[in-house]
Amino acid sequence: MTVKLEKIYEGKAKILYKTEKEDEIIQYFKDDATAFNNLKKDNIKGKGVLNNFISEYIMNEIAKHNIATHFIKRLSKNEQLVKKAKIIPLEIIIRNITAGSLAKRLGIDEGIEINNPIFEICYKEDKLSDPIINDDHAIKLLKVIDEAGLNHIKKLSFAINQILKEIFNKINIKLVDFKLEFGFDIDNNIILADEISPDSCRLWDKDSNEKLDKDRFRRDMGGLIDAYEEVARRLKININ
């Protein structure tokens, strides 16, 4: 039985706890919702449970394709047991359709399908509002990853994109874009970390373009829990 020990980190959406094993930690999914670098906040009952179950499902699907992740098993409705990882302070964004900050930054309409997915990097630093950077910034200036490591992350990210597109295509959902985080495990291998859920993906219904993701919170649309529940329902995930 896994023993939960002291809290080691609390972020915007999750809390991490030590366990009796040096290389395993507990990841707790909070009901907190944040946007715009924590400028907008709320607590939405049930969000953490839905993200936990959906992320569990997706991490297991990714693992079937021989991509290493930090996920070990779900412990409870809000908790997962995961491998301890030293997080690389880069937020990877894969974009298949124009939306959000990309559309705003470049002055283009949302909803334009991109022929080949776009790979973006943001430097994970709250006090700088997670600025977008390029490969040279990450490798030569910030020195948070070497060239081989970043190339490996790119390869993994595009492979994960294909897996996710297939998963969501089957349930009549467009994968617009999503973010990933990676870390080094205790053997210094790069593994997928954090979560993949409607909190970290833009998901649109194929027929109506209805948003089934955190944009419902960002844009004051309401119905966030209903949207997340719809994603879980289509994936045939039972959270009871």
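The value of relative contact order for region 87-223, using C-alpha pairs under 8 Å at least six residues apart, is 23 percent. An oblate overall shape is assigned to region 52-173, the ratio a/c of its alpha-carbon gyration tensor axes (a ≥ b ≥ c) being 1.5 or greater and a/b not exceeding b/c.
For Leu90, the residues whose amide H sits under 5 Å from its own are Lys124, Phe182, ignoring neighbours fewer than 5 places away on the same chain, with H placed 1.01 Å from N. Volume per residue for the chain equals 136 cubic angstrom (convex hull of Cα atoms).
With θ taken as phi - 60° and the Karplus curve 6.51 cos²θ - 1.76 cosθ + 1.60 applied, the whole-hertz 3J(HN,Hα) list for region 73-80 is 6, 7, 9, 7, 5, 10, 10, 10 Hz, x standing for glycine and proline. Assign one of three labels to region 49-104, namely rounded, prolate or oblate, based on the Cα gyration tensor with a ≥ b ≥ c the square roots of its eigenvalues; rounded applies when a/c is under 1.5, prolate when it is not and a/b is larger than b/c, and oblate otherwise. Prolate, since a/c reaches 1.5 and a/b exceeds b/c. Residues whose amide H lies under 5 Å from that of Ala33, counting only those 5 or more places away or on a different chain, are Asp42, Asn43, Ile44; hydrogens are built 1.01 Å from N in the peptide plane. Note on the chain: GNM, Cα springs under 10 Å; of Ile190, Ile72, Ile114, the largest mean-square fluctuation is that of Ile114. If you take the Cα centroid of region 126-202 and the Cα centroid of region 1-45, the two points sit 20 Å apart. With θ taken as phi - 60° and the Karplus curve 6.51 cos²θ - 1.76 cosθ + 1.60 applied, the whole-hertz 3J(HN,Hα) list for region 222-233 is x, x, 4, 5, 4, 5, 5, 5, 5, 4, 4, 4 Hz, x standing for glycine and proline. Here the scattering of region 1-89 is modelled by Debye summation over its C-alpha atoms, one equal scatterer each and no solvent; at q = 0.12, 0.13 Å⁻¹ the log10 of I(q)/I(0) is -0.39, -0.46. Of all lysines in the structure, the ones whose alpha carbon falls short of 25 Å from that of Lys40, not counting any fewer than 8 places away in one chain, are Lys7, Lys12, Lys14, Lys30, Lys104, Lys124, Lys127, Lys179, Lys211, Lys214. Using a Gaussian network for the chain with springs between C-alpha atoms less than 10 Å apart, which of these wobbles most: Arg74, Arg216, Arg105? Of the options given, Arg105 has the highest mean-square fluctuation. Residue-wise HN-Hα couplings along region 54-71, as the Karplus relation 6.51 cos²θ - 1.76 cosθ + 1.60 with θ = phi - 60° gives them from phi, are 5, 5, 4, 4, 5, 4, 5, 5, 5, 4, 4, 9, 6, 9, 6, 10, 7, 5 Hz; Gly and Pro carry x.
All of the numbers you see were taken from the coordinates with simple rules; none came from a lab. All values reported here derive from a predicted model rather than from experimental measurement.
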